[in-house]
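Here is the structure we will look at, set down as structure tokens.
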Amino acid sequence: MSFGSVPILAAVAIQLLLIPSVVSSLNITNDYLHHACNNTQGKYKWGSVFEKNLNTVIKNISTFDLRNGYALDSNIDTPYFDIPANTVFVMLQCRGDSYGPKCHSCLATALAGLRKKCPGNKGATIWYDQCLLDISTYNSGDKYKLKRIHYDNYLCITNPKDVSGDKRMFEKKRKVLTDKLLSEIKKTGDDNRGPLYATGETMFGTKKLYGMVQCTNELKANGCYVCLEWLVKDHVFCGLDEQGSRLMCRSCYARFEFYPFLRT
């Protein structure tokens with residue numbers, strides 16, 4: 001079998017056929033957003049030990065229930081000391097409203113996308129609306145990199161339409177909403193193993209502004225707050241005048257829209 005090959009994707013697809021379909025809002029999408037092929041970790045050949053280990057890890061994750069929307073798995077057992085060659089780590093983080101069957105569906109999509117965009121890369125990351133998938137030769141949560149924040153691959157995606165009305169008031173409203181979401185993240189506490197995910201809304205004139213922030217579950221609440229503060233407050237001009245914006249890096253993600261884009 002090869003990474004993203006027909007046997008693996010077929011197995012995932014068969015699982016998905018057994019999952020009851022859920023009717024969702026027309027605003028809920030799973031668009032491809034971004035990808036990053038990490039060339040510093042090297043390439044693997046088809047049929048190599050690395051590829052076989054990668055396939056094993058992906059197969060394992062495809063059997064998880066993913067009810068908390070997060071998976072971090074490897075072909076070696078924990079604790080991750082003295083990591084041998086050809087070790088694979090796979091991290092999957094689904095959006096807070098896309099757990100369980102929806103997370104499985106996004107995994108299948110992300111697998112196909114990563115195989116197409118970063119063929120043979122030992123390190124690669126791909127972002128979709130509803131999930132992030134990362135493969136690597138090292139574990140970001142191991143003894144030496146415990147809870148490390150990954151700021152790499154920052155990206156700002158904005159709506160082409162500008163905000164109408166008082167733009168200074170819009171800036172103020174978005175800041176208030178951002179502060180509220182970040183305070184919700186802080187409340188989870190570092191002992192809480194729940195999702196680092198918060199949503200909210202505020203009025204701007206007669207319209208509602210919807211917001212969402214999330215971090216990968218590798219982080220603790222304090223690290224998530226630091227990542228999001230850097231993401232949103234240090235890049236305040238992303239989406240400042242536009243009707244919608246997505247801000248992302250490897251460890252955290254934020255989105256603001258004038259329409260509901262999450263499952264309730």
**Request:** Please give the peptides 151-164, 94-107, 64-77, 237-250 ranked by average Cβ packing (other Cβ atoms within 10 Å per residue), highest first, as a rough proxy for protection.
**Result:** 94-107, 237-250, 64-77, 151-164
**Item:** Under-5 Å amide H pairs with L196, H placed in peptide plane, nonlocal only
**Value:** C215
**Asked** Cα centroid distance between segment 103-136 and segment 174-227, in Å?
**Response** 25 Å
**Fill in**
Once phi for every residue in segment 252-258 is put through the Karplus expression 6.51 cos²θ - 1.76 cosθ + 1.60 (θ = phi - 60°), the whole-Hz ³J(HN,Hα) values, with Gly and Pro written as x, are 8, 8, 9, 8, 9, 8, 8
**Prompt:** N27 to S48: FRET efficiency via 1/(1 + (r/R0)^6), r the Cβ-Cβ distance, R0 45 Å, to the nearest 0.05?
**Reply:** 0.60
**q = 0.18 Å⁻¹, segment 156-257: log10 I(q)/I(0) [Debye, one scatterer per Cα]** = -0.78
**Request:** Return the aspartates and glutamates within reach of K180: Cα separation strictly under 14 angstrom, same-chain partners fewer than 8 residues apart disregarded; answer none if there are no such residues.
**Result:** E201, E229
**Message:** Taking the alpha-carbon distance from K117 and a cut-off under 14 Å, which aspartates and glutamates remain once sequence neighbours fewer than 8 residues away in the same chain are dropped?
**Reply:** D134
**Message:** Cross-link candidates for K167: which aspartates and glutamates have Cα within less than 16 Å, leaving aside residues fewer than 8 places away along the same chain?
**Reply:** D241, E242, E257
**Complete:** The simple spin-label model distance between K117 and F81, using points 7 Å out along Cα→Cβ, in nm, is 3.8 nm
**Contour excess over end-to-end distance, with Cα ends at V176 and D65 and 0.36 nm allotted per residue** = 36.4 nm
**Asked** Too long at a 32 Å Cα-Cα cut-off: which of K122/K220; K45/K220; K161/K233; K43/K233; K187/K208; K122/K161?
**Response** K45/K220; K43/K233; K122/K161
**Complete:** PRE zone check, label point 7 Å out along Cα-to-Cβ of S183, amide N under 20 Å, scope segment 215-233, hits 215, 221-233
**Asked** Residue by residue through segment 127-137, which ³J(HN,Hα) values in whole Hz follow from phi under the Karplus form 6.51 cos²θ - 1.76 cosθ + 1.60 (θ = phi - 60°), with glycine and proline marked x?
**Response** 10, 10, 3, 9, 6, 10, 10, 9, 10, 7, 8
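Read the figures in this text as sums done on the coordinates, not as results from a lab. As the structure is a computational prediction, the values presented were derived from the model and not from experiment. With ideal geometry, Cβ positions are generated from the backbone for all residues, glycine too; neighbour counts draw on all protein chains shown.
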